[in-house]
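Visitor: Pasting a structure here, questions to come.
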Amino acid sequence: MSSITFESAKNIREFSDILYEVQEYISGKYAVLISHDSEHQKEQMKSYITKYLMDYSLAVDGMGLDELVESLYSEMAEYSFLTKYLFRSDIEEINVNAWNDIKVTYSNGDIIPTKEIFNSPSHAIDVIRRLLHKSGMILDQSQPIVVGHLSERIRITVLGQGVIDPAIGVAVSIRIVNPKKLVKEDFIRQNTASEEMLDFLSLVHRYGESLCITGATSSGKTTLMSWILSTLPDNKRLYTIENGTREFNLVKRNEKGEVINNVIHTVTRHSDDPKQNINMVKLLETGLTVNPDYICVAEMKSEEAFFAQESARTGHGVTTTIHASSCIATYYRMVTLCKQRYDMDERTLYNLVTEAFPIVAFSKKLEDNTRHIMEITECEIKEDGTRAIRTLYKFNVTDNIVIDGKLKIMGHYEKVNEISPSLEKRLLENGMPSGVLTKFKRGDIHE
């Protein structure tokens, strides 16, 4: 039947009524289709839905036939309207604040309410339970808080009844790791950093310096670190450690599909049996035995901080991220985490972490939802053992203006200081050609 015939002969009904009717039809005749996940069965199920709608001239006001079929299929076999947001490449976060309040955070920083809402609090709970079930997680009265991963690139936190108002239904935060591999030009276009700042972070890590990217949640730490790691030479061995699920995809292939770089990706594994539990500390200890040139600890949250700094001080190039409010605060945060492993003197630990991670970059998501590297610092260790934190680059906010009803933060990047002579010496010792160092100091090296 053509779309014109469908439009002219439709029996307008509420979506929920049509959903119930189609569910009864499909479950009674083709229940096996709902429990399978192949592409062929998906298309077959959609064809049955289409046939039923057209046979009975069923329609929803404002929805075309194809849109209605997709919505019904998604509601029955997938995750309601959330499905179309979960697998987009331009979305970073989906926040369900209540059954009728859902906000989506896009890659460009926009936070926009969805046009769709759940039908009721119980409908929201049912959909989220279905979503969790796919990954073996359960939400019920005995377990009203669920934190986990839906896939390699989707993290989820759920608050259910018992910790939130029953009228809300469920509160959910779904964080989606952007599958796009950003290149340097992307960061420059988005004004995340200046080209010279990006060159600096890439080059100092390439030539042996360990660095930490710090900032709050959603400030762009992981995305930036992923790019830095992607710039490492293909012949250098990289060992990555992530918590629970893998977000990095740093394996490179040529046109024939052959792997051309040298990467080992690892993730932690939780077990109620302590002997079977594999945490970041265990993976760090194991990593040192596989002869890596670089080690990436995706995020330091606990005692793994002590072992990460030990690895950095034994000659490995280590990258990591941490939650802190500034470059200077990063070191004190590291000290706090290290003390979870050994109750050492804080001054001793401060000296260790500043030696381990001489370079710190502070990333921040500003009020207008833009992300910037606000500051890059170098910790210089002087001959008498004292430390001096040198700001190398920073982002200067010059004005806050409103354009078309939206706040826009204006600013520019500034090079504040040159690197220290001791860092120059280490870079040369680690293989940086003197010509590259000279060009870099002049600010005219752009790889």
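The values are calculated or read from the model by the stated rules, or taken from the named source; none is laboratory data. The structure presented is a predicted model; accordingly, all values stated were derived computationally and were not measured. Neighbour counts are summed over all protein chains in view; Cβ atoms, including those assigned to glycine, are modelled from backbone coordinates with ideal geometry. Ligands, DNA and RNA are stripped out before the accessible areas are found, and what is left, the full protein with its side chains, is counted by its heavy atoms. Shrake-Rupley method; radii C 1.70, N 1.55, O 1.52, S 1.80 Å.
Visitor: When you scan the stretch 380-388, do you find a residue that is surrounded by fewer than 17 Cβ atoms within 10 Å (Cβ to Cβ) and acidic (Asp, Glu), even just one?
Guide: Among the residues of the stretch 380-388, at least one is surrounded by fewer than 17 Cβ atoms within 10 Å (Cβ to Cβ) and acidic (Asp, Glu), which makes the answer yes.
Visitor: Could I ask something else about it? Mind checking whether some residue in the stretch 225-237 is assigned to a strand (DSSP E or B), touching a residue at least 24 places away in the same chain (Cβ under 8 Å), of a type in the set (Val, Ile, Thr) and surrounded by fewer than 19 Cβ atoms within 10 Å (Cβ to Cβ)? I'd like the intermediate steps shown before the answer.
Guide: Here is the first cut: in the stretch 225-237, the residues assigned to a strand (DSSP E or B) are 237.
Still in the list and also touching a residue at least 24 places away in the same chain (Cβ under 8 Å): 237.
From what is left, the residues that are of a type in the set (Val, Ile, Thr) are none.
Within the stretch 225-237, none of the residues are assigned to a strand (DSSP E or B), touching a residue at least 24 places away in the same chain (Cβ under 8 Å), of a type in the set (Val, Ile, Thr) and surrounded by fewer than 19 Cβ atoms within 10 Å (Cβ to Cβ).
Visitor: Next up: Go through the stretch 242-259 and count every residue that is open to solvent by 40 Å² or more (accessible area, probe 1.4 Å) and outside any loop (DSSP other than H, G, I, E, B).
Guide: Of the residues in the stretch 242-259, 2 are open to solvent by 40 Å² or more (accessible area, probe 1.4 Å) and outside any loop (DSSP other than H, G, I, E, B).
Visitor: Among the residues of the stretch 199-227, how many are within 18 Å of Gly317 (Cα to Cα) and within 15 Å of the chain's Cα centre (by Cα)?
Guide: So the answer is 8.
Visitor: Modelled with pLDDT of 95 or more and either open to solvent by 20 Å² or more (accessible area, probe 1.4 Å) or assigned to a helix (DSSP H, G or I) (or both): is that true of Leu392 in this structure? Write out each step before concluding.
Guide: On the way: modelled with pLDDT of 95 or more: yes; either open to solvent by 20 Å² or more (accessible area, probe 1.4 Å) or assigned to a helix (DSSP H, G or I) (or both): no.
It is false that Leu392 is modelled with pLDDT of 95 or more and either open to solvent by 20 Å² or more (accessible area, probe 1.4 Å) or assigned to a helix (DSSP H, G or I) (or both).
Visitor: Ok, one more. In the stretch 149-170, what residues are within 25 Å of Thr217 (Cα to Cα), in contact (Cβ under 8 Å) with a residue 40 or more places away in the chain, among the aliphatic types (A, V, I, L, M) and open to solvent by 40 Å² or more (accessible area, probe 1.4 Å)?
Guide: Passing the criteria: only Ile168.
Visitor: Here's a follow-up. Criterion first (farther than 30 Å from Lys406 by Cβ and of a type in the set (D, E, K, R)) does Glu378 satisfy it? Before the answer, list the steps.
Guide: On the way: farther than 30 Å from Lys406 by Cβ: yes; of a type in the set (D, E, K, R): yes.
The answer is yes for Glu378.
Visitor: Please tell me if Thr105 is under 24 Å from His149 (Cα atoms), without any contact (Cβ under 8 Å) to a residue 40 or more places away in the chain and β-branched (Val, Ile, Thr).
Guide: Numbers: under 24 Å from His149 (Cα atoms): yes; without any contact (Cβ under 8 Å) to a residue 40 or more places away in the chain: no; β-branched (Val, Ile, Thr): yes.
No, not satisfied.
Visitor: Another one. In the list Ala216, Ala193, which residue meets the criterion of being assigned to a loop (DSSP other than H, G, I, E, B), under 23 Å from Ile376 (Cβ atoms) and either open to solvent by 10 Å² or more (accessible area, probe 1.4 Å) or touching a Cys at 6+ places or on another chain (Cβ under 7 Å) (or both)? Outline the logic, then answer.
Guide: Working: Ala193 fails: either open to solvent by 10 Å² or more (accessible area, probe 1.4 Å) or touching a Cys at 6+ places or on another chain (Cβ under 7 Å) (or both).
That would be Ala216, the only listed residue that is assigned to a loop (DSSP other than H, G, I, E, B), under 23 Å from Ile376 (Cβ atoms) and either open to solvent by 10 Å² or more (accessible area, probe 1.4 Å) or touching a Cys at 6+ places or on another chain (Cβ under 7 Å) (or both).
Visitor: What are the residues in the stretch 412-439 that are touching a residue at least 24 places away in the same chain (Cβ under 8 Å) and either open to solvent by less than 30 Å² (accessible area, probe 1.4 Å) or among the hydroxyl-bearing types (Ser, Thr, Tyr) (or both), if any?
Guide: Those that are touching a residue at least 24 places away in the same chain (Cβ under 8 Å) and either open to solvent by less than 30 Å² (accessible area, probe 1.4 Å) or among the hydroxyl-bearing types (Ser, Thr, Tyr) (or both): Tyr413, Ile419, Ser420, Ser422, Leu423, Leu427, Met432.
Visitor: Which strands (runs of 3 or more DSSP E) does the stretch 81-148 wholly contain that include 2 or more residues that are open to solvent by 70 Å² or more (accessible area, probe 1.4 Å) and modelled with pLDDT of 90 or more?
Guide: 111-113
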